[in-house]
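All remarks here apply to the structure that follows.
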DNA sequence: CCGAGTGTCTACCACTTGGTAAGTGAAGCG
DNA sequence: CGCTTCACTTACCAAGTGGTAGACACTCGG
């Protein structure tokens, strides 16, 4: 019932906003991308159908295919937007942070905030890494600058003797897995008897930081 | 061509083995479960179709549905088998291990061996935790004894002062995420420039153990 | 006011999905 | 022998899947 047919705006009434005709298209595309990100990131790519996506938007599937030539192309666009969001978020978080360990803390805080407020972003990363190439390659490329900076940071900290010496790339993967896991693996947490709640999440973040700190920071030569 | 029609055994020739008629059914079901585990664990549940699964087995889809009333039921059966395998593998690994940290090492070694030899097992765990209930509940229930033992182990080590004191459940999740991530997240590893190879895997395991050891073991009061 | 272009819709399409109904052949049992 | 049961098949089906073709409405530059 009326999933299509312009239920959003009264028939014939086209809103006249600055930008005019072309702006409506971009606005629709924005909504498409937002809904697709939500669905891909939480339900998964295969489990999301264009029909159902269109239904949620009050639009027909063909409108989606007008803006993105195929489902795969839509995923690419979603990835681009999501990775841009991620980079921006982390840049923002790091802008205010001081040097050294503070930066790690800022990043972890940022991830936990994302896990609460925009779980679909982290979900998409997981989903795409599961899907493999070519989608995963795209994510990797988009995040490459961030990854490189992170690796350089770790290397510098190790050189300065503030972090335990080892392969920065491997440490990065370990830390990544740990953080993303603790922040997002709801089912695993439930399995060990941790129900999701705001209070519990704060505790979890604190414990995770302690875990990471022990794992990374060089033993002080007292 | 000839995906169906008993291409496996010459028409009319029914193998007369001890066990006879009823044993053939169990054998087919074994092959079904093995193929389903493989596909669910590597390609994913939704990305696996019964038709294609049947094709690989040289059997019709209806044969699968004869043994398992639905795709979901098949997943349940696969989960039961996989979790039993996992439990057996880890029990075996722990049987020979000594006390304390040696047990963690034995477990990590075990996970890495699985990642190389039976990646579909670990893949299924990831996949199911992604799918959520009711499948994830089943995994959780099946692995509950193991989880409980692990938590008790951690608690005991902390009590004995050999491990850094903190919430055993949270430490378990952290360690779980780290180990499974480093062992199985091929795409993430590729993203930081680590191509999968046997040599690299050994190095990865050693570094991971160092990472875990720093994270978990209590600082010796020297 | 006209023609081009943009954004969206209706109407299809070929194909695949999980699942049902009904049957077939062989083995086991009285 | 006939009857049942087991293992499996052929033949379908309704409901989706991603994707194409073509029309319609509406806006804007000329």
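Derivation of every value follows stated rules applied to the coordinates shown; laboratory data play no part. From a predicted model like this one, the values you see are computed outputs, not experimental measurements. As a convention, Cβ positions derive from the backbone with ideal geometry for all residues, glycine included, and neighbour counts pool all protein chains shown.
Give the calculated FRET efficiency between residue A:146 and residue A:198 to the nearest 0.05, with a Förster radius of 41 Å applied to their Cβ-Cβ distance.
0.90
Give me Rg/Rg_expected for region B:101-145, where Rg uses Cα atoms only and Rg_expected = 2.2 N^0.38 Å with N residues.
Scaled against compact globular proteins, the figure is 1.32.
Let me know the shape class of region B:24-159, please: from the alpha-carbon gyration tensor, a ≥ b ≥ c as square roots of the eigenvalues, rounded when a/c is under 1.5, otherwise prolate if a/b is greater than b/c, or oblate.
Since a/c reaches 1.5 and a/b is larger than b/c, the shape of region B:24-159 is classed as prolate.
In what sequence, highest mean first, do B:91-101, B:120-130 appear when ranked by Cβ atoms within 10 angstrom?
B:120-130, B:91-101
From the label point of residue B:30, set 7 Å along Cα to the beta carbon, how far off in nm is each other copy's matching point, shortest first?
Taking the point 7 Å beyond Cα along Cα→Cβ, the inter-copy spacings are 6.1 nm.
Which value in Å does the Kirkwood hydrodynamic radius of region B:21-67 take, with 1/r averaged over all unlike C-alpha pairs and then inverted?
Across region B:21-67, the inverse of the average 1/r is 10.7 Å.
Is the C-alpha gyration tensor of the protein assembly as shown telling us rounded, prolate or oblate? Criteria: a/c under 1.5 is rounded; beyond that, a/b larger than b/c is prolate, otherwise oblate.
It is oblate, given that a/c is not under 1.5 and a/b is not larger than b/c.
Under 8 Å for C-alpha pairs, at least 6 residues apart: give me the relative contact order for chain B, rounded to a whole percent.
Averaging sequence separation for qualifying contacts and normalising by length gives 19 percent for chain B.
Just how many % of Cα pairs in region A:76-216 lie over 19 Å apart, if you round to the nearest whole percent?
In whole percent, the long-distance tail amounts to 54.
As a check on your grasp of the helix formula, calculate [θ] at 222 nm for chain B: sum -39500 (n - 2.57) over DSSP H runs of n ≥ 4, divide by the residue count, round to the nearest 500.
Mean residue ellipticity, 222 nm, calculated: -24000 deg cm²/dmol.
Distances from residue B:80 to the same residue in each other copy, label points 7 Å out along Cα→Cβ, in nm, shortest first?
Label point to label point, same position, other copies: 4.9 nm.
What would the Debye formula give as log10 I(q)/I(0) at q = 0.15, 0.16, 0.28 Å⁻¹ for the alpha-carbon point model of region A:148-222, no solvent?
With no solvent term, the Cα-only Debye profile gives -0.60, -0.66, -1.27.
Averaged over A:203-209, how many beta carbons belonging to a partner chain fall within 10 Å of each residue's beta carbon?
Partner-chain Cβ atoms within 10 Å, mean over residues of A:203-209: 3.
Estimate the FRET efficiency between residue A:46 and residue B:155 by the formula 1/(1 + (r/R0)^6), using the beta-carbon distance for r and 56 Å for R0, to the nearest 0.05.
Calculated transfer efficiency: 0.90.
Averaged over peptide B:191-200, how many Cβ atoms belonging to another chain are found within 10 Å of each residue's Cβ?
4
Arrange the peptides B:183-194, B:54-65 so that the one whose residues have, on average, the most other Cβ atoms within 10 Å appears first.
B:183-194, B:54-65
Run the simple label-point estimate for residue B:29 and residue B:95 please: 7 Å along Cα→C-beta, distance reported in nm.
2.6 nm
In nm to one decimal, list the spacings between the residue B:148 label point and its equivalents in the other copies, with label points set 7 Å along Cα to Cβ, shortest first.
Output for residue B:148: 5.2 nm, nearest copy listed first.
Below 8 Å between Cα atoms, with a sequence gap of 6+, how large is the relative contact order for region A:21-67 in percent?
The normalised contact order for region A:21-67 reaches 33 percent.
When Cβ neighbours within 10 Å are restricted to other protein chains, what is their mean count per residue of peptide B:180-189?
6
In nanometres, what is the gap between the two model label sites at residue A:186 and residue A:165, each 7 Å from Cα along Cα-to-Cβ?
About 4.5 nm, to one decimal.
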